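A short write-up of the structure that comes next.
The values are calculated or read from the model by the stated rules, or taken from the named source; none is laboratory data. All values derive from a computational prediction rather than experimental measurement. No Cβ is skipped: glycine too gets one built from the backbone with ideal geometry, and neighbour counts run over all protein chains shown.
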Amino acid sequence: MTDETPGTMTSEELAEVGLGLTVDGAVATLTLDRPEVRNAQTPAMWLTLARVGEQLLSDPAVRVVVVRGAGAGFSAGLDRAVLMPKPGAGESVHDLLALDDAGMADRIDAYQRGFTWLRDPRIVSIAAVHGHAVGAGFQLALSCDLRVLAQGASLSMKEAALGLVPDLTGTLPLVEAVGYSRALELCTTARSVDAEEALRLGLALDVVPAEGLEAAVQALVAALTATPAANARAVKAILRAAVPGDLDTQRRTEREHQVGRFREMAALMAQAPRG
């Protein structure tokens, strides 16, 4: 087992953006590792996730990728520090707003690539979700092929509470899982879905006791790797082709609408009284 990514990325580089990675034969485990902020996500994390994806997909031995969160929950979503510029804090919404609309959409496209590789037919991805998966956290779980939830887990598309739209490739798999009407309700109300409802809606493959989450995921991994690798990859490619809707078109629509949301947010912030 190694705690470094294949290729050039080191555990230190990953830790700098709040990620951890282990690769053990056919199985890679990717951990969101910022428990002090409930695994809140940043643009730097998304860009690094894209690099991790490139490296894992280039390793023919890797068949399954498990995504998990350290500490009390899966991910609280966007790190709110990103909303306000702060020296040394990395990219922020302020940096996005400094770009023209095409430049902003291109930058969001780069962020989205941290999520899209989890759907690649070369691997099967599993989200092991405990605690909260909010906003970007929910979208990361949706990017995975399979989701196993611990009892007590909750999912929420919180972007609406900020006046934003989901733009990290979560809308297509959400509609695929629950249908248009329920997806519309979840994305516009920002309400939370508990683990049992998630199972009923088709958002979860299974719900298990919190103390049994790791064992359940390991059992699923064992079953997935018990069949020939080439067969599993072919099956995923076939099933992905059978799903209506085009991911590239959908994520372009996400980012184009998000540009407008960010512009409106900036206008409202500029009009707000200064204390």
Residue under question is ALA241, and the condition is that it be in contact with a strand residue (DSSP E or B) (Cβ under 6 Å, 6 or more places away or on another chain), of a type in the set (A, V, I, L, M) and surrounded by fewer than 18 Cβ atoms within 10 Å (Cβ to Cβ); does it hold?
no
Give the residues of the stretch 170-193 that are in contact with a Leu (Cβ under 7 Å, 6 or more places away or on another chain) and closer than 18 Å to GLU256 by Cα, sorted by residue number.
GLY170, LEU172
Go through (1) modelled with pLDDT of 95 or more; (2) crowded, with 16+ Cβ neighbours inside 10 Å; (3) not basic (Lys, Arg) one by one and return the number of the condition PHE262 breaks.
(1)
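So that you can scan it fast, the table gives a plain yes or no per residue for (1) over 19 Å from GLN258 (Cα atoms); (2) surrounded by fewer than 20 Cβ atoms within 10 Å (Cβ to Cβ):
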position	(1), (2)
GLU16	yes, yes
ARG34	yes, no
ALA40	yes, no
VAL65	yes, no
GLY103	no, yes
ASP106	no, yes
ALA110	no, yes
Do any helices (runs of 4 or more DSSP H) entirely within the stretch 30-127 hold 2 or more residues that are modelled with pLDDT of 95 or more and over 14 Å from the mean Cα position of the chain (by Cα), and if so, which?
43-57, 101-116
Among the residues of the stretch 166-176, is any touching a strand residue (DSSP E or B) at 6+ places or on another chain (Cβ under 8 Å), of a type in the set (A, V, I, L, M, F, W, C) and crowded, with 24+ Cβ neighbours inside 10 Å?
no
Among the residues that make up the stretch 71-84, is at least one of them over 19 Å from PRO173 (Cα atoms), among the acidic types (Asp, Glu) and surrounded by 22 or more Cβ atoms within 10 Å (Cβ to Cβ)?
yes
If you check ALA127, ALA141, which single one turns out to be surrounded by 22 or more Cβ atoms within 10 Å (Cβ to Cβ), touching a Cys at 6+ places or on another chain (Cβ under 8 Å), under 30 Å from ALA229 (Cβ atoms) and touching a residue at least 12 places away in the same chain (Cβ under 8 Å)?
ALA127
In the stretch 187-197, is there at least one residue being in contact (Cβ under 8 Å) with a residue 60 or more places away in the chain and in a loop (DSSP other than H, G, I, E, B)?
no
